[in-house]
Amino acid sequence: MNKPASVSDQFDAVVVGAGFSGLYMLYRLRQLGLSVKGFDSAGDVGGTWYWNRYPGARCDIATPDYTFSFDPELENEWTWSEKYATQPEILDYLRFVADRYGLRSDIQFSTTVTSARWDEQEKRWTITTGHGQEIRCRYYIMATGCLSMPKSPDIEGAGRFAGQVYFTSRWPHEGVDFTGQRVAVIGTGSSGIQVIPLIARQASQLTVFQRTPNFSIPAHNGPAPADRLRQLDEDRDGYRHDARWSRIGVPNEPTDVLGVTASEAVRRERFEAAWEQGELAGIVNVFADQLFNPASNDILAEMIREKIRSIVTDPETAETLCPKDHYFGTKRPCLDTGYFDTYNLPHVRLVDLRKQPIVSITEDGIETADESFGFDAIVYATGFDAMTGALVAADVTGRDGLSLKEKWAAGPSTYLGLMTAGFPNFFMLTGPGSPSVLSNMAVSIEQHVDWVAGCLKDMREEGLDTIEPTELAESGWNQHVQDCGAITLMPTANSWYMGANVPGKPRVFLPYIGGVDAYRQACDDVVGQGYLGFRMTGPGADRCRDGVIRSMQPDVAMVLEFLAAMGLPPMDTLPADDARALMAATAAARPPGPEVGEVTDGVIPGPAGDLPYRLYRPAGPPEGPRPLVVYFHGGGWVLGNLDSDDPLCRDLCERSGAVVVSVNYRHAPEARFPAAALDAFAAVQWAAANALELGGIPGQLAVAGWSAGANIATVACQLARDAEGPHISGQVLICPVVDSDMTRPSYQENGDGYILTTALMRWFWDHYTDPADRGEPRAAPLRGDLHGLPSTCIVAADFDPLRDEGVAYAHALEAAGVPVRLARARGHTHTSVTMVGTVISGAPVRAEIAEALRNFFPSAEPLEHALQRS
Ligand code: NAP
């Protein structure tokens, strides 16, 4: 081939890729009046739909949704023939779009971009192509797709086979006729599941090599869904708006039915409806908790397995096709047409690679641990180096010679999945850290392109010409992406979402799972806050509003939204008894907390009458005494009781292995300061004196408390020190009240909107103490003498008005020589760490508390020693 002569050219923007995203990006950049050059290594437009031409290739988002929506006229001019269009039809559509807007003239096909290098002096990118061209541009945009870089076959002997070799991701344009052939297919992901039934129609023998069975539901293809078309007809804008503000980019009301609590009839009805509907949007929305709660997921997974067993006649084959090693939805679920039925055909065989792994590809076929197979053709449906593969392959070098590959060696790092620090003016469409592959790509692509186009327009209007995220904003976003993944079951699977399908690829959750709606809001908020987290420069201009756009744990944010929607009256506007009733009502609706070995209620003598207690003993061995923890509930000295903190006590007991004795105490305003503190001290004295009877090890006693309960717990420690007993091994103070000074920054930052408000805190103080007493160490222990106090673990939550006094207490204790562990509850509020079973992200903090508790006690100390010591 003749190599075209080198040319040097200048453009405002270069766009790599001419699929859905590249085409729309070109269109929008042109609208802005920018000069643009597009490249694609393919011979024409189409992106993924250009390459993946294997028989059976179809979209798996219904066509009314899998389509451009930016131009109503375009929508009117194109009619899809099916619910799930075939690859040729989707390719025709993209050609039609390219022609309609005259986009081809700006695209150079059959051209691979081999490198891109940022020139800091010129503030421009230099793009080099495989043809030796060099192009200069201000903005470099990769529209290279999430699933475009085929995974190389990591199978021994892959190059040795003398027959025909095909990859679903690089299918011959002229098609393949398998008639009369012995064919092997390796891989049973979406591509394999689509291609297998079609190859089975032609091949004389088809052998499918399956490593991991996949969940698949029938697509029930046919005409485009009539209800959807009618809605679009009646209110296109409303329909598109709903899609843009939905969870996965398809209008769909999220269910609130929990799999674990729904009746068998409801479970069955919801599942059968989703099975009949044949849409991903339906099957991912059978239960609200299916992606969070293993038990709920198991219910759904088992119903799918039942279906597989009912379709596949040979029981052993059916069982091999039943996915059991991953939760439903943690690997991409598939839609199929006759996939499982294919295994009922006499010439189709399934080989379970878990039982007989491939040893090698040979000249004639495939050798497994047990058998040698001869084939005429091998089809690889083995997937892609997803989300990052195409981006790092393009040799992108940013400021100071840093390559994207180097920067991402431990996993991708992006701000909003759009940009990455050190690479100015470099945009990724649907990059890692954006909803992309977890959504309807058509919607996510349009959102990204619109965002980039809006950004470039804003920059031009403000005379700016470079943009780049800050390190802080980027690391904050990466953390948020991981936090969103961590509360789901997604990280448990060896999926391409986790990079687990490519040997050596770092194991990081790649897409953003917080939802298309939440993501769009975050992007809009970034712009609304003056491009928060971006540094933008121009001639004589340099502006940066640094910050993190989302730092709250995603499940904490969900709880706050839920509570806000309930419209409950603020506690501080209620009489104490009404506030108590409200707290009891909300507590009754919570999950119960984990099972423990034994729970018994009793009373202990207090300074002014009996105090109720509840004792929690861990299940299982060892039999015999254990360390003892005396716990005090939260509630501002006014609210709360043994029930209010019951799930937390169970959790502490189960995690720490200690006997937990939760003690109720006198409440204000009926019994004001220092009643609660004196009760706490009395309870500790009683527990120490009765340790053996309680199942505790004498001398191994800690105190713990949350909020005001932590206040009286630490006051009890100060009183015990002054009284020279009892011995307390440690104190755990969860979001403690330790001072009456309400002017610290955390009060300013978090005093409104996070359940514990400044107004409520004031209401608590007013109920408990006279202003004159508030400086007293028994009310404000931070102001007391802190020498000689036991080892301490303090939990301080980011969104808590009490955060700074907790931190101040930790520092003051440390200064007084007390060993202190400060556990930061990142992204949490005052209450969220205690929400066992509701706020999943609180679990690591509670695990840290339990570890601190265990460390307070000498391990495996024989009982006789403890008895002697005490
Ligand atoms: P995939 O989901 O990654 O599936 C690859 C398959 O090959 C898996 O079954 C995998 O097994 C197997 N495999 C990989 N390496 C292997 C090896 N060395 N030995 C044996 N088996 C091996 O790839 P895909 O099917 O191409 O789909 C990728 C994604 O593209 C989909 O999840 C979907 O998002 C998208 N897609 C969409 C459509 C559609 O819209 N309809 C169609 C096709 C693809 P393991 O699971 O054990 O790794």
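The values are calculated or read from the model by the stated rules, or taken from the named source; none is laboratory data. If you're wondering where the values come from, they're calculated on a predicted model, not measured in any experiment. Cβ atoms come from the backbone with ideal geometry, glycine included; neighbour counts cover every protein chain shown. These accessible areas exclude ligands, DNA and RNA; they are computed on the full protein's heavy atoms, side chains included. Shrake-Rupley method; radii C 1.70, N 1.55, O 1.52, S 1.80 Å.
Could you grab the relative contact order for the chain? Cα pairs under 8 Å, six or more apart, rounded to a whole percent. The partial results should precede the final answer.
Numbers: 1819 pairs, mean separation 85.3, N = 870.
Reported relative contact order: 10 percent.
Solvent-accessible area per residue for region 677-817 at a 1.4 Å probe radius, Å²? Before the final figure, lay out each step's value.
On the way: 4450 Å² over 141 residues.
Here the per-residue accessible area is 32 Å².
Ignoring GluC sites (Glu not before Pro) that are buried or in helix or strand per DSSP, and keeping those with at most 16 other beta carbon atoms within 10 Å, what is the longest stretch of the chain between them? Intermediate values should be presented prior to the final figure.
Working: sites that count: Glu82, Glu120, Glu122, Glu156, Glu174, Glu363, Glu371, Glu462, Glu595, Glu623, Glu670, Glu693, Glu724.
It works out to 175-362.
Rounded to the nearest 500, what is the 222 nm mean residue ellipticity of the chain from helices alone, with -39500 (n - 2.57) per DSSP H run of 4+ residues and division by all residues?
Values: 27 runs with 291 residues, N = 870.
One gets -10000 deg cm²/dmol as the mean residue ellipticity at 222 nm.
Taking every pair of Cα atoms in region 487-621, average 1/r, invert it to obtain the Kirkwood radius, and report Rg/Rh to two decimals. The partial results should precede the final answer.
Working: Rg = 24.6 Å, Rh = 21.4 Å.
So for region 487-621, dividing Rg by the Kirkwood Rh gives 1.15.
Can you give me the distance in nm between label points at Leu568 and Arg762, each placed 7 Å from the Cα along the Cα-to-Cβ direction?
With each label placed 7 Å out from Cα toward Cβ, I get 2.2 nm.
If I take the Cα coordinates of region 318-418 and project them onto the principal axes, what are the three extents in Å, biggest first?
60, 35, 23
Just the Kirkwood number for region 548-605, please: inverse of mean 1/r across all distinct Cα pairs, in Å, one decimal. Mind dumping the intermediate values first?
Numbers: mean 1/r = 0.0669 Å⁻¹.
Kirkwood radius, region 548-605: 15.0 Å.
Taking H placed 1.01 Å from N in the peptide plane, check which residues at least 5 places from Phe427 or on another chain put their amide H under 5 Å from its amide H.
Tyr140, Ile141, Met142
What are the semi-axes of the equivalent ellipsoid of region 88-176, taken as the square roots of 5 times the eigenvalues of the Cα gyration tensor, listed largest first and rounded to whole Å? Mind dumping the intermediate values first?
Working: eigenvalues 201, 102, 26 Å².
So the equivalent ellipsoid measures 32, 23, 11 Å along its semi-axes.
If one takes the longest principal axis of the Cα atoms in the chain, at what angle in degrees, from 0 to 90 and to the nearest 10, does the Cα axis of helix 675-689 lie?
Between the helix axis and the principal axis of the chain, the angle is about 90 degrees.
Once you have the alpha carbon radius of gyration of the chain, what is it after dividing by 2.2 N^0.38 Å, with N set to its residue count?
Working: Rg = 31.5 Å, N = 870, 2.2 N^0.38 = 28.8 Å.
Compactness ratio reported: 1.09.
What is the set of long-range amide H partners of Asp798 at a cut-off below 5 Å, with H atoms built 1.01 Å from backbone N?
When sequence neighbours closer than 5 places are left aside, the close amide H contacts are Ala825, Gly827, His828.
Suppose a student asked you for the relative contact order of region 479-587, using Cα pairs under 8 Å spaced at least 6 residues apart; what percent would you report? Intermediate results must be reported in sequence, preceding the final value.
Working: 82 pairs, mean separation 20.8, N = 109.
Reported relative contact order: 19 percent.
Please determine, in degrees from 0 to 90 and to the nearest 10, the orientation of helix 576-588 with respect to the longest principal axis defined by the Cα atoms of the chain, where the helix direction is its Cα long axis.
40
For a quick protection proxy, order the peptides 141-150, 290-299 by their average other-Cβ count within 10 Å, most packed first. Can you show the working numbers first?
Working: 141-150: 24.9, 290-299: 19.5.
So the peptides 141-150, 290-299, ranked by packing, come out 141-150, 290-299.
Which ³J(HN,Hα) values, rounded to whole Hz and listed in residue order, are derived for region 545-550 from phi using the Karplus coefficients 6.51, -1.76 and 1.60 in 6.51 cos²θ - 1.76 cosθ + 1.60 with θ = phi - 60°, glycine and proline given as x?
Here the 3J(HN,Hα) series is 9, 7, x, 10, 7, 9 Hz.
Quick one: helix 190-202 against the long Cα principal axis of the chain, what's the angle to the nearest 10°, folded into 0 to 90?
The two axes meet at around 40 degrees.
Counting only protein heavy atoms and a 1.4 Å probe, tell me what percentage of the chain's accessible area is made up of carbon and sulfur. Write out the running numbers ahead of the final one.
Working: 17030 of 33510 Å².
So the carbon and sulfur contribution to the accessible surface is 51 percent.
Residue by residue through region 561-574, what is 3J(HN,Hα) from phi via Karplus (6.51 cos²θ - 1.76 cosθ + 1.60, θ = phi - 60°)? Round to whole Hz and write x for glycine and proline.
With the stated coefficients, region 561-574 comes to 4, 4, 5, 4, 5, 6, x, 5, x, x, 4, 6, 9, 10 Hz.
Please list, in order along region 646-657, the HN-Hα scalar couplings obtained from phi with the Karplus expression 6.51 cos²θ - 1.76 cosθ + 1.60 (θ = phi - 60°), rounded to whole Hz, x for Gly and Pro.
4, x, 5, 5, 4, 4, 4, 5, 5, 6, 8, x
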